Amino acid sequence: MYAILGIIAHGPRSGYDIRKQFNASLRFFWSESYGQIYPMLKQIEREGYAEPVESNDSRRKKLYRITPEGQTVFRQWLSEPVNPINYRDELLLKIFVAGPQDAKAILALLASEREELEKNVAVLKEQESQALQQYHNRVPPTWMLTLRYGIHSMEARLRWCEEAIHDLRGKGEV
């Protein structure tokens, strides 16, 4: 709910616009499925945290904007302490439980992860470059903080993948 409130706090958005925002940037650190967004919008509207507004778009899509009550709830949530990260990493789990006979499979998983990370780092760096060009260095600092976190964390995991591949190959595990 708070992710959606946070998005519409920056201006009216349709469910489709919210979904695009998740797919473009939030997906790197927060997920909401397509099937969760619309029911959540309806719930937020029922609770009085958002309201529909008319769209000037020719398709007449339904836009939502945050209400003053929604702003209050959102700001209160922002000031609350965060919950500890509930970290679940299937790759690390597979590596932890694998035995020497599984080294080829683990190497393949690490190579696939490395490839995916390289693509994601490139996407984030392109987003950073576009944002800086588009906003002429007036990118909201909070947005840049999350973007830079994504780049740094993916680059760190990428280095770890390369080290893990090197270690497995160097120890004759494969």
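Here are a few things to note about the model shown:
- Meets criteria (at pLDDT below 95 and either among the hydrophobic types (A, V, I, L, M, F, W, C) or over 25 Å from residue 163 (Cα atoms) (or both)) for residue 121: no
- Verdict on residue 104 being part of a helix (DSSP H, G or I), open to solvent by 70 Å² or more (accessible area, probe 1.4 Å) and touching a residue at least 60 places away in the same chain (Cβ under 8 Å): yes
- Applying a threshold of 7 Å to beta carbon distances and a minimum spacing of six or more residues, or different chains, the list of pairs starting in region 2-14 at a residue that is under 17 Å from residue 73 (Cβ atoms) and ending at one that is part of a helix (DSSP H, G or I) and open to solvent by less than 10 Å² (accessible area, probe 1.4 Å) reads 4/18; 4/37; 4/41; 4/44; 5/44; 5/70; 7/18.
- Among the residues of region 119-127, not a single one is open to solvent by less than 100 Å² (accessible area, probe 1.4 Å), of a type in the set (Val, Ile, Thr) and farther than 21 Å from residue 29 by Cα.
- Qualifying position, being loosely packed, with under 10 Cβ neighbours inside 10 Å and free of Cβ contacts under 8 Å to residues at least 24 places away in the same chain, among 38, 34, 87: 87
- Of all positions in region 44-56, at least one carries a residue that is in a helix (DSSP H, G or I), buried (at least 18 other Cβ atoms within 10 Å of the Cβ) and within 22 Å of the chain's Cα centre (by Cα).
- Failed condition for residue 66, given (1) modelled with pLDDT under 95; (2) open to solvent by less than 60 Å² (accessible area, probe 1.4 Å): (1)
The values are calculated or read from the model by the stated rules, or taken from the named source; none is laboratory data. Because the structure is a prediction, the values reported are computed rather than measured. Neighbour counts are summed over all protein chains in view; Cβ atoms, including those assigned to glycine, are modelled from backbone coordinates with ideal geometry. Remember, those area values only see protein heavy atoms, side chains included, never the ligands or the DNA or RNA. Shrake-Rupley method; radii C 1.70, N 1.55, O 1.52, S 1.80 Å.
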